[in-house]
Amino acid sequence: MNYYQNTAEAVLNEMESNPEGLSQQEAQIRLEKYGKNKLAEKKKTPLIVKFFQQMADPMILVLIAAAVVSLVTAVINGEGFADVIIIMTVVVINSILGVYQENKAEKAIEALAEMSAAQSKVIRDGIMKVIPSEELVPGDVVELEAGDQIPADGRLIESHSLKIEEAALTGESVPVTKMMDALQLKEGKDIPLGDRKNMVYMGSTVSYGRGKAVIVATGMNTEMGKIADVLTKTTEGDTPLQKKLGQLSKILSVLVLIICVVIFLFGVGESWLLTKAITLDKVLATFMTAISLAVAAIPEGLAAVVTVVLSIGVTNMSKRNAIIRKLTAVETLGCAQIICSDKTGTLTQNRMTVVEYRGDDEKMIATAMALCTDAELDENQKSVGEPTECALVDYALKLGMPKNALSAEYARVGEAPFDSMRKMMSTIHEKDGRFIQFTKGAPDVVLGRCEFYLKDGKIQPLTDEARASILGENKSMADQALRVLACAEKFYDKMPESLEPQALENSLVFLGLTGMIDPIRPEVIDAVKECKGAGIKTVMITGDHKDTAVAIAKQLGILGEGEKAISGTQLDEISDEELLRDIEQYRVYARVQPEHKVRIVNAWRSKGFVTAMTGDGVNDAPGIKNADIGIGMGITGTDVTKNVADMVLADDNFATIVGAVSEGRRIYSNIRKAIQFLLSSNLSEVLSVFVATIMGFTILKPVHLLWINLITDCFPALALGVEPAEAGIMRKQPRAKDNGIFSQGVGFDIVYQGALTTVLTIISFFIGEYIAKGAAFRFTNIEDCIDGMTMAFVTMSMAEIFHSLNMRSQRGSIFRMKTLNKFLYGAAALSWVLTTAVIYVPFVNDWFSFKMLTLQEYMIAFGLGFLMIPLVEFVKLIQRGVAKRSKKSKG
C-alpha cells in the first residue's frame, strides 16, 4: 500500500489500528511478529582476522615463504636467525599498521542505530505512554511535537502547523510543511520522498508544530533501514594505488618464483654435470642462493614505506582540515576526475538568509517579519527556532533591530498561528495604547487579503496596476530561486474581539516582500574554478527543487554552457544505458533520493572516471561509500556519513578538497618516486647476485641484501615521501586510473638505473679482489672473496644512497631544483653512517662477515657509488632533449 496516496482513515484500517492506538496486548503480539524497531547490526570482523587479512598480499606471502625456507636452512646449518627475524618483523609491523588504520571502517550501522529516537510518546489503550522507541510496532499511534526525533516511518493522522526537518534524509534545506490530505500521482509518476508531505520518516526531526502519526514501518523496513541495507550490500573497490601495488606484487611474485626455480635447477644441474652426484651441502647452498635472490627481488621495505608515506600525508592533510580515515584512499584524490557534491551545507552555508527585499520601508518590513515569528534570540544573539523564521529574525538584527527589543516595544497580545491550508500567520501587538497586526505568508495569498499598500510612507489603495507590479516583483525574485514571503499590517483602536483568521486577515495594508536563500559559501566559487583548472568536474546532487539547484549551480560556476540539470523523477524515467550515454552532460541533479546518488556515482565510475562524493546527510551515505573516495562533513555531517567516508572535512568547506587533491597528487608522485627508487635498487641486487652466481662466486649474502633493503634504502625512500610538490601540480589533468606504475618511462628508468648500479657494484667487487690478491687474482677462480664482498657492499649502498638524490625529479636536474628536502639529505647521511658502521665496528662486521677496508679501498668503493649522480644526470639530459624534439615535431 502506498500510504501517502490514501486517506488517514484508510491507512488506519490497513494497519488494523485507530486514533486511540493499539492495546498493549496487541502491541506485544506485533512486536514478536515484526521484531524490534532497530536497525540490523553488521557482523564485525575480529581483530585477529583483520590482522591475517593484511598478510594476504602476494608480496607479503612470498616474504613469509622466504622466511620459512631461511628458517629451515638456518636450523639445518646451525646458523643464526637474523634473516627470519628481520623479514617477519617487517611483515608483522605492516599488518599492525593496516589494522590500526582501518579498525573503525565499519561503524555505519551503529551510527544509524544511534540516530533513532531513544524514547517515543505512544498511545496504547487510549492512554499516552513514553516507551523505548525500539518497542514501537506497525499500527502504533505516536504523538509528535517540536524537538522530537521521528522514531519510525508513519502516516500523519493529525497535523497542527507541523514542520519537519528532513535535510539529513532528503537533502531538502528547508523544513517541510506537513499536511493530512492524500496525495495524487501526477501522470502516473511516483512521488519523490521529499514531496510525500503526509508522511514522516525515521531520522528526521520536528522543527515546529505538533501532530500524530500511525506507524507503518519499523526497523529495517523504514526508509532509513533501506539506506542501512544499501550500506551493508555496497562493496568497496580497491583504490588505484591498491590495484597497482597488487599488480606489482603479482609480477614480483612470479619473477621471484621463476628466478628461484631457475637458479636452483642451474645449481643442482651444474653439480650433477661436474660430479655426477647431488650432495646435501650443494642443495642447501643452492637454496641459500635462491633465498638471496628472493630477498634481493622483493623490496621488503616497500609496504612499510608506502604505509608511512601515506601516514605522513594523512598528518599533512589533517593540518589542512582534511581528516583521512583510510590510508590507501589518500592518493585516490590525486586522480579524482569527478566530485559529486551535496548542495546543502557543503556548497552552501545551510542557513537561510534574507538577501533581497521589495517595498517602501525596509525597516518596517523587517520589523513586521521578525515580530510575526516564533523564533527568538538567545543570550548570544543567535536566532533559535524554525530556519525560515530564524532568517527573518537575523534580518532584523542585521538592520539594528534585535527581536527582544522589538518585542519589548511591540508586546504580543494575540495570534492566529500558521496553518498550511491558508499559508499565513498573524500576530497582534500593543504599542502606545494602540493595536497593530502583522501578517506574513505566501505572497499571492497575503496580497489577496490586502486592499491597501504602503507607498512613499503613505497608505494608498491597492490598484490593479500596483497589484500586478507586486506580483511581477514576486516572480522576479522567485526566478532567482529565492524563497519569497510577503508581509502586511492592520491597525486597531482596541483589541480585536475575535482572533479567528477569517476575522483578522482581511483589509490588510501590504508592506513588502523578502527573498531568502541558503547562501553559497563564497570560497567555493574559487574552489570550483581551481577544480576546473585541475581537470576535475564538479557535479551538484541535491534534494532541493530544480530551479533552486540550477540557480546555485550557475552562481558557483558548476553549470556551464551546454550542460544540463535533471530531476530525480526524470532520472527514474531513463534507463541505465541512457544515463551512461548522457552522464557527461549532466552537472546538476535535483530532488534526488538515496538510490539515485548511488546510481549517479556508479554511472560515472562505469565510464572509467575516478569519482569522489561529498555530503553530510544520512541520504549521502550510500553514495559516499560507493564512490572511489567518499568525503564527509565534520561539523554538520551525521555520524553515519563520517563513518562510511574515506575523508572527513573538519571545516565542512568544499574548498578544503582542493588542498586535499593537491596533497593527494603530491603523495602519489612521491610514492612513485619511492617505488622507482626501491625497484631499481632491487633490480641491481638481483642482477648482481645472478651474474655472480653464473660466474661461480658469492657477491652478497642474504643478510647483506636485507640490510641494504631495510636500512640503506628505507630511510631515503621515506624521505622521498615528503618531497615538496612540483610546480604547476594543480594545472595538470588528472592521471588516468589505468596508468600503471611503470608508465611514462618509469619502467625504462628502473631498468637502466638498476643496470648502472649492478655494473658499478661488480667493478667494485673485482677491484677489491684484485687489491687483496694482487697477481694471484683470476676471474675464473674466485674464492674466499671477503674483500671484494665488502667493497661491493659499500659501492651498492653508496650508489643507492646517491641515487635517492637523483629521484627528487624523474626528468629534471637535481642541480636546478629550487626546493630543498632536508629530510632526504638527513636520511642519506644516516644511511651512510650506518653503512660505514657495519664495516668498521669490530663485532658488527663479524656478524656480516666483512673486513675493515683500508682508506684507499673505502674511497674507491665510495667514489664508484657517487658516479650514479653524473651518470643519471647525463641520461636525464638526453631524455629532456628527446622530449623537447618530440614536442616540437607534434606542435
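The values are calculated or read from the model by the stated rules, or taken from the named source; none is laboratory data. Quantities reported herein were computed from a predicted structural model and do not represent experimental measurements. Here Cβ is always computed from backbone atoms with ideal geometry, including for glycine, and neighbour counts include all displayed protein chains. We work out accessible area using only protein heavy atoms, side chains counted, and drop any ligands, DNA or RNA first. Shrake-Rupley method; radii C 1.70, N 1.55, O 1.52, S 1.80 Å.
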Out of (1) over 30 Å from residue 654 (Cα atoms); (2) in contact with a strand residue (DSSP E or B) (Cβ under 7 Å, 6 or more places away or on another chain); (3) of a type outside the set (Lys, Arg), what's the single condition that is false for residue 456?
(2)
Do you know which residues across region 202-211 are in contact with a strand residue (DSSP E or B) (Cβ under 7 Å, 6 or more places away or on another chain) and crowded, with 22+ Cβ neighbours inside 10 Å?
202, 204, 208, 209, 211
For residue 850, indicate whether it is crowded, with 18+ Cβ neighbours inside 10 Å, modelled with pLDDT of 95 or more and over 43 Å from the mean Cα position of the chain (by Cα).
no
Is one or more of the residues making up region 474-497 in contact (Cβ under 8 Å) with a residue 60 or more places away in the chain, under 16 Å from residue 389 (Cβ atoms), of a type in the set (D, E, K, R) and open to solvent by less than 60 Å² (accessible area, probe 1.4 Å)?
no
Looking at (1) in a helix (DSSP H, G or I); (2) modelled with pLDDT of 80 or more, find the lone condition where residue 292 falls short.
(2)
When region 438-452 is examined, which residues are found to be touching a residue at least 12 places away in the same chain (Cβ under 8 Å) and either loosely packed, with under 14 Cβ neighbours inside 10 Å or out of contact with any Asp or Glu (no Cβ under 8 Å at 6 or more places or on another chain) (or both)?
440, 441, 442, 443, 444, 445, 446, 447, 450, 451, 452
Filter result for residue 116 (of a type outside the set (A, V, I, L, M), buried (at least 19 other Cβ atoms within 10 Å of the Cβ), under 30 Å from residue 142 (Cα atoms) and at pLDDT 80 or above):
no
If you take the residues in region 149-175 that are over 18 Å from residue 120 (Cβ atoms) and in contact with a Lys or Arg (Cβ under 6 Å, 6 or more places away or on another chain), which one is least open to solvent (accessible area, probe 1.4 Å)?
175
Residue 495: passes all of (1) touching a Leu at 6+ places or on another chain (Cβ under 9 Å); (2) part of a loop (DSSP other than H, G, I, E, B) but (1)
Scan of region 318-344 for residues that are part of a helix (DSSP H, G or I), among the β-branched types (Val, Ile, Thr) and closer than 27 Å to residue 588 by Cα, ordered by number
332
If I go through region 8-26 residue by residue, how many of them are closer than 16 Å to residue 213 by Cα and not in a loop (DSSP other than H, G, I, E, B)?
8
Going by the conditions given, is residue 737 within 24 Å of residue 812 (Cα to Cα), at pLDDT below 90 and open to solvent by 50 Å² or more (accessible area, probe 1.4 Å)?
no
Can you tell me which residue within region 320-363, out of those that are crowded, with 24+ Cβ neighbours inside 10 Å and acidic (Asp, Glu), is modelled with the highest pLDDT?
342
Quick one: in region 783-807, which of the residues that are of a type outside the set (Gly, Ala, Ser) and within 40 Å of the chain's Cα centre (by Cα) is surrounded by the fewest Cβ atoms within 10 Å (Cβ to Cβ)?
805
Looking at (1) within 25 Å of residue 312 (Cα to Cα); (2) surrounded by fewer than 16 Cβ atoms within 10 Å (Cβ to Cβ), which is the only condition residue 824 fails?
(2)
Output for region 740-771, where each listed residue is small (Gly, Ala, Ser) and surrounded by 17 or more Cβ atoms within 10 Å (Cβ to Cβ):
754, 764, 768
Answer with yes or no whether residue 658 is more than 29 Å from residue 769 (Cα to Cα), out of contact with any strand residue (DSSP E or B) (no Cβ under 9 Å at 6 or more places or on another chain), in a loop (DSSP other than H, G, I, E, B) and of a type in the set (Val, Ile, Thr).
no
Collect the residues in region 130-155 that are more than 37 Å from the chain's Cα centre (by Cα), in a strand (DSSP E or B) and either more than 18 Å from residue 219 (Cβ to Cβ) or touching a residue at least 60 places away in the same chain (Cβ under 8 Å) (or both), keeping them in residue-number order.
130, 141, 142, 143
Hey, can you tell me all the residues within region 398-446 that are among the hydrophobic types (A, V, I, L, M, F, W, C) and not in a strand (DSSP E or B)?
399, 401, 405, 406, 408, 421, 442, 445, 446
Can you tell which of 687, 710, 718 is open to solvent by 50 Å² or more (accessible area, probe 1.4 Å) and either among the hydrophobic types (A, V, I, L, M, F, W, C) or not in a loop (DSSP other than H, G, I, E, B) (or both)?
687
